[in-house]
Amino acid sequence: MSVATVDFDTQRTLTKWISRRENNGIDVPGIENYIADPDNEEAARDVLKIDDVDIVFVDTPPSIDHYPGTMKLLAQNVDLVLVPTKVGISDTESAEQLLEVLASWNVPTLAVINLVKISAKRPLKKAKQRIVGLAELSAVDIPDYTDFLVADEAGLGATEVSKCNGADAIAAFWADVKRIINRKTGRGV
């Protein structure tokens, strides 16, 4: 599968992750990374013209308020927007604001709760109750495992590391994403 990544986030977290892969000698066939200015709507239009890859991942700033034109243009022209949120109230409140905006734009969205502590059953239930009314919520919760941090240090995904705790949850989440995109677009991802 060929993949393009576009980093609109000024923190450049995605670009740094790709660089860690390359610096560690990890072959990255089929991943083309682009850096874009979130304040430049023309850059968003250019991203929407990318058609020579199977899937494009766009990393955006955490706040939609700072670049509403660019974010709206991107969101309204993609197959699916993924919105990760942690379990805590501060995080879910932020996600709720974003999900409300995306819903008002009629954007297909999948929320996923991540960094879930195994003992956080009650807060997890409350987080799900807050999110589920605003967007489709992934059936998969992403757990909080140290192995994810180790993989990230090397520029790897959890499913690329043998015996990585939580890799099964990541694989299940991506299966959920593929199912939704396939249902929406009618094409296989």
Among residues of region 11-49, those that are surrounded by 14 or more Cβ atoms within 10 Å (Cβ to Cβ), part of a loop (DSSP other than H, G, I, E, B) and either under 18 Å from the mean Cα position of the chain (by Cα) or hydroxyl-bearing (Ser, Thr, Tyr) (or both), counted: 3
Total residues in region 46-81, condition more than 15 Å from Ile181 (Cβ to Cβ) and in contact with a Pro (Cβ under 6 Å, 6 or more places away or on another chain): 3
Residue match in region 67-82 (condition: surrounded by 13 or more Cβ atoms within 10 Å (Cβ to Cβ) and small (Gly, Ala, Ser)): yes
Selected residue (only one of Val150, Val112, Val116 is hydrophobic (A, V, I, L, M, F, W, C), outside the structural domain of Thr15 (by TED's automatic domain parsing) and more than 29 Å from Val78 (Cβ to Cβ)): Val150
From Ser104, Ser63, Ser90, residue being loosely packed, with under 15 Cβ neighbours inside 10 Å, of a type outside the set (Phe, Trp, Tyr) and outside the structural domain of Lys163 (by TED's automatic domain parsing): Ser63
Qualifying residue in region 136-147 (condition: without any contact (Cβ under 8 Å) to a residue 40 or more places away in the chain, within 26 Å of Asp65 (Cα to Cα), not hydrophobic (A, V, I, L, M, F, W, C) and not assigned by TED's automatic domain parsing to the domain that holds Glu42): yes
Meets criteria (aliphatic (A, V, I, L, M) and surrounded by 14 or more Cβ atoms within 10 Å (Cβ to Cβ)) for Ile142: yes
Positions within region 37-74 being of a type in the set (D, E, K, R) and closer than 22 Å to Leu99 by Cβ, in sequence order: Asp59, Asp65, Lys72
Filtered residues of region 112-156 (kept if within 18 Å of the chain's Cα centre (by Cα), among the aliphatic types (A, V, I, L, M), closer than 30 Å to Glu22 by Cα and not in a loop (DSSP other than H, G, I, E, B)): Val112, Ile113, Val116, Leu149, Ala151
Subset of region 158-189 that is at pLDDT 90 or above and in a loop (DSSP other than H, G, I, E, B) - its residue that is surrounded by the fewest Cβ atoms within 10 Å (Cβ to Cβ): Lys163
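The values are calculated or read from the model by the stated rules, or taken from the named source; none is laboratory data. The structure displayed is predicted, hence computed values, not measured ones. Cβ atoms come from the backbone with ideal geometry, glycine included; neighbour counts cover every protein chain shown.
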